[in-house]
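I have placed the structure first, in the form of structure tokens, so that the comments after it can refer back to it.
The values are calculated or read from the model by the stated rules, or taken from the named source; none is laboratory data. Everything numeric here is computed off the predicted structure, so don't read it as measured data. When we count neighbours, we look across all protein chains shown, and the Cβ atoms used for this are built from the backbone with ideal geometry, even at glycine.
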Amino acid sequence: MEFNAPWSDTLRMMSAGGSVVVLGAAALAARKLAVWFRAVVAVVAVGFLVGSWGLAPSGYSVDGQTLTVKRPLGDEVIQRAEITAARMFGEADSEGMTRTGGNGGLFGYYGKYKSDRLGEHRWYVTDTARRVVVETREGAVVVSPDDPEKFIAVVKPEEQVSK
């Protein structure tokens, strides 16, 4: 089953604004440089934006064996057998939250995070209002499918369904 990863209005504004800042800073920095170095600055700035976009989630796919986080530059695959629970992200999940590595708003919220309740975990989020916690044997993963309730019903393990 396929799920989209819709962008929130906040993410749209942050991504547009962040892109303008990166490109604008590169253009200003390169004004008085040699032509060859301007090209290097342009490639680095565009590469940064393409890399940030390419690692952001664009959707989620769930089949009998896997949960796949779709990303333009390489999918992230989680084995369904490793999933122990799925539920909506709650306020308590964000207590003591810090981003330990990743992106916090340029085309998505993704990478490694840490919170008091979830411990070390990974995010693949584009809309913070739709966050779902997928608990696995290796730690939690937070995603934001277009239909969180349906996603939870599809991805949760049999043991959780029977409770």
Elements of type strands (runs of 3 or more DSSP E) contained in segment 1-112, each with 2 or more residues being of a type in the set (S, T, N, Q) | 66-70, 98-104
Going by the conditions given, is Gly47 exposed (fewer than 13 other Cβ atoms within 10 Å of the Cβ) and either farther than 24 Å from Asp146 by Cα or in contact with a helix residue (DSSP H, G or I) (Cβ under 6 Å, 6 or more places away or on another chain) (or both)?
-> yes
Return yes or no: is Glu82 closer than 27 Å to Glu120 by Cβ, out of contact with any Pro (no Cβ under 9 Å at 6 or more places or on another chain) and either acidic (Asp, Glu) or modelled with pLDDT under 95 (or both)?
-> yes
Can you tell me which residue among Arg38, Arg12 is without any contact (Cβ under 8 Å) to a residue 24 or more places away in the chain and farther than 25 Å from Ala129 by Cα?
-> Arg38
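To keep it simple, each residue is scored yes or no on (1) touching an Asp or Glu at 6+ places or on another chain (Cβ under 8 Å); (2) closer than 16 Å to Leu11 by Cβ.
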site	(1), (2)
Gln65	no, no
Gln79	no, no
Thr100	yes, no
Tyr109	no, yes
Lys114	yes, no
Gly119	no, no
